[in-house]
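As structure tokens, the structure follows; a few thoughts come after it.
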Amino acid sequence: MQNVSVSVKDLSLSFGAVTVLDTLNLDIKDGEFLVLLGSSGCGKSTLLNCIAGLLDVSDGQIFIKNKNVTWEEPKDRGIGMVFQSYALYPQMSVEKNLSFGLQVAKVPKEEIDKRVRRASEILQIQPLLKRKPSELSGGQRQRVAIGRALVRDVDVFLFDEPLSNLDAKLRSELRVEIKRLHQSLKNTMIYVTHDQIEALTLADRIAVMKSGVIQQLADPMTIYNAPENLFVAGFIGSPSMNFFRGELQLRDQRAYVHANGVDFDVSAYPSRAPFVHGQKVVLGLRPEHVRVDEAASGAQASHRAVVDIEEPMGADNLLWLKLAGQSMSVRIAGQRRYAPGTAVTLSFDMAVASIFDATSENRL
Amino acid sequence: MSDIVAFNSVADEALPQAQTDRVVAGPRGRKPRRALSGRNIMIYGTLIIVALYYLLPLYVMVMTSLKGMPEIRLGNIFAPPLEITFEPWVKAWSSACTGLNCDGLSRGFWNSVRITIPSTIVSIAIASVNGYALANWRFKGAELFFTILIVGAFIPYQVMIYPIVIVLREMGIYGTLTGLIMVHTIFGMPILTLLFRNYFAGLPEELFKAARVDGAGFWTIYFKIMLPMSLPIFVVAMILQVTGIWNDFLFGVVFTRPEYYPMTVQLNNIVNSVQGVKEYNVNMAATILTGAVPLFVYFVSGRLFVRGIAAGAVKG
């Protein structure tokens, strides 16, 4: 366990009768960028606050660099934290904001100057050092907030939705900057967000959380391509995966999901266990895994559908169609246009589809 | 396309005419409003009447205080003084008699200063730390502590007077300024703590968290982070305390001896003294002198007061 940076063991937290986290376990490797992803109220920020030491845990342990820090003060944990609202001290200049923690820790003046200079160079905020936070733009403020963690020379960076208060353009700019920062510093970073794009682009591994439980912990592509359960499948991807509730049927050496009178041939699906005839399942198809008006490869059956709505998005074109009595979305290349009412032929690549058990909601 | 061209050419020819037409015809720009509408008359009329209602007593006081007694006996209280004299003011300040003392209000003024300043400073210092601890450091029993404090605010003062007299007596500070200062400090605690707690709770919690991650402790966060952000609420607390304590009569008369009577008590004694003629001009001057301090405080810091009230008291 030498290369583990942060380790959370059997962590539980409850406020009165409400249990927010229940015996949660999580190991984060040294230098790893881990994203905690979930909708609001799933406990992701709470977990981060526990790791930071800002919340007392009810039970369990937290290790940082193999040191048990469960009862340590935040400052003694070797962490730096960046907040959604930037949390810059409004009455202090940028320079004072950066050096405050070091002054509290009674670091010698020359050392403080050196570290502030280095951090402001990395983040390109040298011209702003004498300004007050109120004189900075949102992006500059968040840069200063990152700098505040940077000067403290910490092992672990904690980000609590750092980009959520920024507008879309700045968000994507800073996202790239954070990724670059991680590549050059190679620190362990734990990043909380509800934005799946941030999660997919930044993470080495993503922990998808729901009601205080980690639903799946894996690298972004695994999370995207092979979601472990129905929740993860529906949460990741925009527009979200198309789901068809149906029943498994095995006939003539082939397997079908029978949903609303439509048979989906799923023989090509890499199932983990043999299919059981009559099992109630949910078939999940990502919009980009549906082919429109293309020759079906091999013996794949094709389906007829009618275009309901077309949403051109530039790079791609989103079609909403009716199939098996329900609406489904399909993503095709931007230059291929279909007027509403056009009849199309669909075929599916079942090798990249997902099938879940309807009751346990787990991947088959 | 040809249609559009044709239309354009027609428009071009007709342009000068059309422009002037547009200016003349139909409403354009800001909608005019009548200054003397019924609505305005109602609003300003009411405001003026209410303002007069409150200002008239002050006017009568100032006028009376500047008259000599013979002029007052003429009976016209609204008339400005024919002969302006400042003698009543001088007398009220330095030689009006209360009982055996004949050194005017000045003694009461200095007593009030000696009561108000320490009470204000001590109560604000304690209450702000209370509020900060309650808002940011949710210690065990914080809710209970806060509830007890707030309930304290609803118990009528009269109920507590006698027990406090006994407590002060047992502590050996009954009748002293120290005792009165302590009473004022304690009685200011519930409302001030509530005020500060709500203000600090309204500040972004992440600032407090950031300071903790930066390694700042209880006092460092209080002095370096919270205090610099809290000027408005300190001004509100200061105004509440200064005016409240300065205007206090009951505690002043109950918990002190005559030589320590605050200004309000002395004013009462001057105005209600039964010997000799009623010197209305001296009484008026004395009253204005007593009220001058809270008035001054309001005028100087009224703007901050409104801002602080809006920031602190409403939220939470």
Taking the condition of being closer than 30 Å to A:GLN215 by Cβ and in a strand (DSSP E or B), how many residues in segment A:339-364 meet it?
8
Scanning segment B:214-231 for residues that are assigned to a helix (DSSP H, G or I) and open to solvent by less than 20 Å² (accessible area, probe 1.4 Å), the one nearest to the other protein chains (Cβ to nearest Cβ) turns out to be B:ILE225
Which members of segment A:202-226 meet the condition of being over 22 Å from A:LYS9 (Cα atoms), surrounded by fewer than 19 Cβ atoms within 10 Å (Cβ to Cβ) and in contact with a Lys or Arg (Cβ under 8 Å, 6 or more places away or on another chain)?
A:ALA226
Verdict on B:ARG169 being over 29 Å from the mean Cα position of the chain (by Cα), within 13 Å of another protein chain (Cβ to nearest Cβ) and open to solvent by 70 Å² or more (accessible area, probe 1.4 Å)
no
Just one of B:GLU83, B:GLU143 is over 30 Å from B:PHE234 (Cβ atoms) and open to solvent by 90 Å² or more (accessible area, probe 1.4 Å); which is it?
B:GLU83
Residues that are of a type in the set (Val, Ile, Thr) and touching a helix residue (DSSP H, G or I) at 6+ places or on another chain (Cβ under 6 Å): find the helices (runs of 4 or more DSSP H) completely inside segment B:34-139 holding 3 or more of those.
B:106-136
Mind listing just one residue for me: the one in segment A:46-55 that is touching a helix residue (DSSP H, G or I) at 6+ places or on another chain (Cβ under 8 Å) and open to solvent by 20 Å² or more (accessible area, probe 1.4 Å) and, of those, nearest to the other protein chains (Cβ to nearest Cβ)?
A:LEU54
Exactly one of these conditions fails for B:ALA211: (1) open to solvent by less than 10 Å² (accessible area, probe 1.4 Å); (2) under 29 Å from the mean Cα position of the chain (by Cα); (3) facing chain A (nearest Cβ under 10 Å); (4) of a type in the set (A, V, I, L, M, F, W, C). Give me its number.
(2)
Go through segment B:148-191 and give me each residue that's of a type in the set (S, T, N, Q) and outside any helix (DSSP H, G or I).
B:THR176
Residue check for A:GLY43: more than 14 Å from chain B (Cβ to nearest Cβ) and touching a Gly at 6+ places or on another chain (Cβ under 7 Å)
yes
Would segment A:129-145 turn up any residue that is open to solvent by less than 80 Å² (accessible area, probe 1.4 Å), in contact (Cβ under 8 Å) with a residue 60 or more places away in the chain and not aliphatic (A, V, I, L, M)?
yes
Only one of (1) in contact with a Leu (Cβ under 7 Å, 6 or more places away or on another chain); (2) farther than 22 Å from A:PHE33 by Cβ; (3) away from chain B (no Cβ under 14 Å) is not met by A:ILE122, so which one is it?
(2)
In segment A:160-170, residue nearest to the chain's Cα centre (by Cα) [restricted to those that are within 12 Å of chain B (Cβ to nearest Cβ) and crowded, with 20+ Cβ neighbours inside 10 Å]
A:GLU161
Within segment B:176-204, take every residue that is small (Gly, Ala, Ser) and crowded, with 17+ Cβ neighbours inside 10 Å and give me the one that is nearest to B:MET226 (Cα to Cα).
B:GLY188
What pairs can you find where one residue is in segment B:152-166 and assigned by TED's automatic domain parsing to the domain that holds B:LEU192, the other is among the β-branched types (Val, Ile, Thr) and open to solvent by less than 70 Å² (accessible area, probe 1.4 Å), and their Cβ atoms are less than 9 Å apart, with a gap of 6+ or different chains?
B:ILE161/B:VAL254; B:ILE164/B:VAL183; B:ILE164/B:VAL254; B:VAL165/B:VAL254
Over segment A:104-114, the set of residues in a helix (DSSP H, G or I) and more than 9 Å from chain B (Cβ to nearest Cβ) is A:LYS109, A:GLU110, A:GLU111, A:ILE112, A:ASP113, A:LYS114
Per the filter on segment B:155-202, residues more than 22 Å from B:LEU144 (Cβ to Cβ) and among the small types (Gly, Ala, Ser) are B:GLY172, B:GLY175, B:GLY179, B:GLY202
Subset of segment B:251-292 [more than 30 Å from B:GLY75 (Cα to Cα) and not in a loop (DSSP other than H, G, I, E, B)]
B:PHE251, B:GLY252, B:VAL253, B:VAL254, B:PHE255, B:THR256, B:PRO258, B:GLU259, B:TYR260
Given the residues B:VAL50, B:VAL113, B:VAL90, which is the only one that is of a type in the set (Val, Ile, Thr) and loosely packed, with under 11 Cβ neighbours inside 10 Å?
B:VAL50
Of everything in segment A:66-81 that's touching a residue at least 24 places away in the same chain (Cβ under 8 Å) and assigned to a loop (DSSP other than H, G, I, E, B), which residue is nearest to the other protein chains (Cβ to nearest Cβ)?
A:GLY78
Would you point out the residue of segment A:82-100, among those that are of a type in the set (A, V, I, L, M) and part of a loop (DSSP other than H, G, I, E, B), that is nearest to the other protein chains (Cβ to nearest Cβ)?
A:ALA87
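The values are calculated or read from the model by the stated rules, or taken from the named source; none is laboratory data. Computed from a predicted model, the values in this text were never measured in an experiment. We place every Cβ from the backbone using ideal geometry, glycine too, and count neighbours over all the protein chains shown. Just so you know, the surface numbers come from the protein's heavy atoms only, side chains and all, with ligands and any DNA or RNA stripped out. Shrake-Rupley method; radii C 1.70, N 1.55, O 1.52, S 1.80 Å.
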